[in-house]
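Just so it is clear, none of the values below were taken in a lab; they were calculated from the coordinates. Note that the structure is predicted; figures quoted are calculated from it, not measured. Positions of Cβ are generated from backbone atoms using ideal geometry, with glycine treated the same way; all protein chains shown enter the neighbour counts.
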């Protein structure tokens, strides 16, 4: 089954007849543009347009039906035995301990020293989330039956009636194919539409959507093979790349990822990594059939996800150098629970891209509404350098440093809100957190600066600010290190080997 490009006019997926439909629209428009603006012309145009719309909808429905039939036919025969491959381990580094600047050094001038960088890491740009192979048409349903479920403390529901329930007496390919054909009817359209609308309304990332479909399928079908197949079907119809696998009489779904996920074993199918969902089998039979225009999930979080709010305990955080910079904050416990499920990963075979993933994730709306006004009040009416000094010292001294290995057992990076939640954080967490504050509160560009075992950041000021700096694409970024305790803007932590410094670009 081949891939096709997205049709920009319809928002659906393109195939050969899309150009024909576009030509039809243009011919209709040009014809009636030459007519007088009479009631007859308007009515005729409306009739022609409605006729075109009906034909286009039918063509889309026919195409999706054909794609599902071809897929079901492949399911009957396209199974092979695969062996699982070992997980990629997160790279281990010896973390550099934080350094406290001697108090007697306070007031010493900061020098303008250029830092020569070894590499610039540019993470791939976010792409639009996958779309169905064709628009999913709403089905008339006089008295819909709703099935409710909870995702990270958030109540959700989809339309699903008793007539949609099915059983899988076995995991034979023909049994799976016949059930797929049954699901590929209009009866399941509203369920798919409801899932996609939840993704849009709640701003769910691809990973959140995947977990949501598991909850949805289990609420509709109970735990078992039936739920696995329903989840796989809706995931596939939503535009995502998946494969079906089985071992013994147990059915599984495997998902493809744009990211290489750490600490998860995978199957290599046609040169792509597929991760089995909620499965620890070492080998299985997998159906290699693909679906038109399928796309792997992305682990980027580009939206502020809307999860029900459950406040955590309130913390008071205070800067040592600027005690007036003191805030009370709490975060959404449901969001913390979600972050606990989030797999660490890298893009493009470069482990440094994972820090950009965390740093580019927007701050949650509830935190931004409570924390940002309080901090904004502390930095209003002063220069960029003065504001940065306060935010920098706040990040250096309001949090307690501890090594990830000691707290978590291995390396774990934090999203910005997690630094506000957990009692300990390290250099990468502080740099990710501060980079978010600077971009959101000061509106300045930021880069992350990586040394082996240490992560710092640098800021592009629009005012004249002295200090250690990186010249990048004609722009000057001044170092701000949130783990060099008490150090001012422009000072690099001692013993950093600038010959190995690498820059990670951020949005």
Legend entry - Computed FRET value (nearest 0.05) for residue 249 with residue 372, which takes r as the C-beta separation and R₀ as 56 Å: 0.55
Legend entry - Förster radius 41 Å - calculated FRET efficiency between residue 463 and residue 308 (Cβ-Cβ, nearest 0.05): 0.45
Legend entry - Per-selection Rg to Rh, the range 333-462 - Cα, Kirkwood hydrodynamic radius: 0.95
Inset, instruction - Grab the Cα-Cα distance for residue 326 and residue 201, subtract it from 0.36 nm times how many residues apart they are, and report the gain in nm with one decimal. - result: 41.5 nm
Inset, instruction - Whole Å is fine, so just give me how far the alpha carbon centre of the range 183-197 lies from that of the range 266-331. - result: 25 Å
Inset, instruction - Can you pull the one-decimal nm distance between simple spin-label points at residue 382 and residue 507, each 7 Å off the Cα toward Cβ? - result: 3.0 nm
Inset, instruction - Quick one: check the C-alpha center-to-center distance for the range 58-85 versus the range 106-135, whole angstrom. - result: 39 Å
Inset, instruction - Go through (i) 76, 53, 46; (ii) 72, 55, 37; (iii) 80, 70, 43 and flag the label whose value is the computed Cα extents along the principal axes in Å for this structure. - result: (iii)
Inset, instruction - Working from Cα positions, state the angle (0 to 90°, nearest 10) between the long axis of helix 225-237 and the longest principal axis of the chain. - result: 80 degrees
Inset, instruction - Tell me what the chain gives for mean residue ellipticity at 222 nm when only DSSP H runs of n ≥ 4 count, each as -39,500 (n - 2.57), the sum divided by the residue total, rounded to 500 deg cm²/dmol. - result: -11000 deg cm²/dmol
Legend entry - residue 81-residue 471 FRET efficiency (beta carbon distance; Förster radius 35 Å; 0.05 resolution): 0.05
Legend entry - Computed Kirkwood radius, in angstrom, where 1/r is averaged over Cα pairs of the range 172-307: 15.4 Å
Legend entry - Distance histogram in 5 Å bins (all Cα pairs of the range 121-242, percent per bin): 2, 10, 21, 23, 20, 12, 6, 3, 2, 1, 0
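How high is the relative contact order of the chain, given as a whole-number percent (alpha carbon pairs under 8 Å, six or more residues apart)?
Relative contact order of the chain: 18 percent.
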